[in-house]
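Worksheet: the structure to be examined is printed underneath.
The values are calculated or read from the model by the stated rules, or taken from the named source; none is laboratory data. None of these values were measured; they are calculated from a predicted model. As a convention, Cβ positions derive from the backbone with ideal geometry for all residues, glycine included, and neighbour counts pool all protein chains shown.
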Amino acid sequence: MDQISVQHLLGIKDLNKKDIDLIFSAADNFKEVINRPIKKVPSLRDITVANLFFENSTRTKLSFELAQKRLSADIINFSSGSSSVKKGETLIDTVNNILAMKVDMVVMRHPNAGAAKFLSENVNAVIVNAGDGAHEHPTQALLDAFSIREKLGEVKGKKVVIIGDILHSRVALSNIFCLKKLGAEVMVCGPATLIPKFIGELGVKVEHDLMKALQWCDVANMLRIQFERQDTKFFPSVREYIMMYGLNKEKLDQLKKNIVIMHPGPINRGVELSSDVADSEHSIILEQVENGVAVRMAVMYLLASKLKR
């Protein structure tokens, strides 16, 4: 079996195209598994995975947990809300205490950028980054690209626009890295205040007019407005944002073509997307959720193959 080139999944930046193809190929197999009557395989039996979530998460946490159960792993769940972290324990102490229980793999979400990398350099376990601050969210980017490939046949040559709060979004950065490695054209679209100054250096187009961006693209990935990460006001009002950058059926109907609509979730319904768009045949949001389990199974399976003692 081909091996993935990395020891940990810290970010898409560290993966090469062959790694991504390998993950997709494994995810194809696991997608077939999770649609069987018996949805379990023994691939991670005898592997213990700790889920460390220092930031609230419902969808990603559930998706990882389900993926681990489907692979027959042993699971420890840890959330910082009810832990010794509140009492001032350091990240390394917390993790080393968990590793003392003979844990092989750690899936971690953390509010600070670089936390997963820091951990990978200081503890002896495979680390999977489930989102670090506004830095990267690699499994989300992989499942997004996997969903585009499933819907449109391939990612290469496709035009993908990422719309909304690019500045605070780890999903946007990971998506840009992933889509570029797979040969897609990428554009970002949103208010100037929510688009980082350096973004053009990543080889992406920048557009502030939503309708122009939609006319250009094959796929529109709508990002959630991250109200919780914004300490100042980045646009005059939510109402104005909806008028300029919210996607509704009226705007979709003005396009003379079909486009694929995506959203990493959770959706602020009526803000980024109106319900009639979110639930329309253009949307692959629920497919993204299903694919998330298969892709996370693939990632953990490929990383665990490096562990086999």
Screening 2, 93 for residues that are exposed (fewer than 13 other Cβ atoms within 10 Å of the Cβ), among the acidic types (Asp, Glu) and not in a helix (DSSP H, G or I) leaves only 2
Which residues, counting only those in region 1-39, are charged (D, E, K, R) and at pLDDT below 95? 2, 36, 39
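So which residues in region 181-224 are part of a loop (DSSP other than H, G, I, E, B), farther than 17 Å from residue 134 by Cβ, in contact (Cβ under 8 Å) with a residue 40 or more places away in the chain and under 18 Å from the mean Cα position of the chain (by Cα), if there are any at all?
Kept after step one, since they are part of a loop (DSSP other than H, G, I, E, B), are these residues of region 181-224: 182-184, 190-191, 195-198, 203-204, 208-209, 217-218, 223-224.
Checking the rest, the ones that are also farther than 17 Å from residue 134 by Cβ come to 182-184, 203, 208-209, 217-218.
Going one step further and asking which of them are in contact (Cβ under 8 Å) with a residue 40 or more places away in the chain, we end up with 182, 217-218.
The answer is 182, and nothing else.
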Cβ-Cβ below 7 Å, separation at least six or inter-chain, first residue in region 121-132 and without any contact (Cβ under 8 Å) to a residue 12 or more places away in the chain, second assigned to a helix (DSSP H, G or I) and among the β-branched types (Val, Ile, Thr): which pairs? none
Among the candidates 28, 46, which residue alone is over 26 Å from residue 77 (Cβ atoms) and in the same structural domain as residue 115 (by TED's automatic domain parsing)? 28
Among the numbered conditions (1) more than 17 Å from the chain's Cα centre (by Cα); (2) free of Cβ contacts under 8 Å to residues at least 40 places away in the same chain, tell me where residue 3 comes up short. (2)
Looking at region 225-309, what helices (runs of 4 or more DSSP H) fall wholly within it and have at least 2 residues that are within 16 Å of the chain's Cα centre (by Cα) and of a type outside the set (S, T, N, Q)? 285-304
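Before we move on, is residue 197 under 21 Å from residue 22 (Cα atoms) and modelled with pLDDT of 90 or more?
On the way: under 21 Å from residue 22 (Cα atoms): no; modelled with pLDDT of 90 or more: yes.
No: the conditions fail for residue 197.
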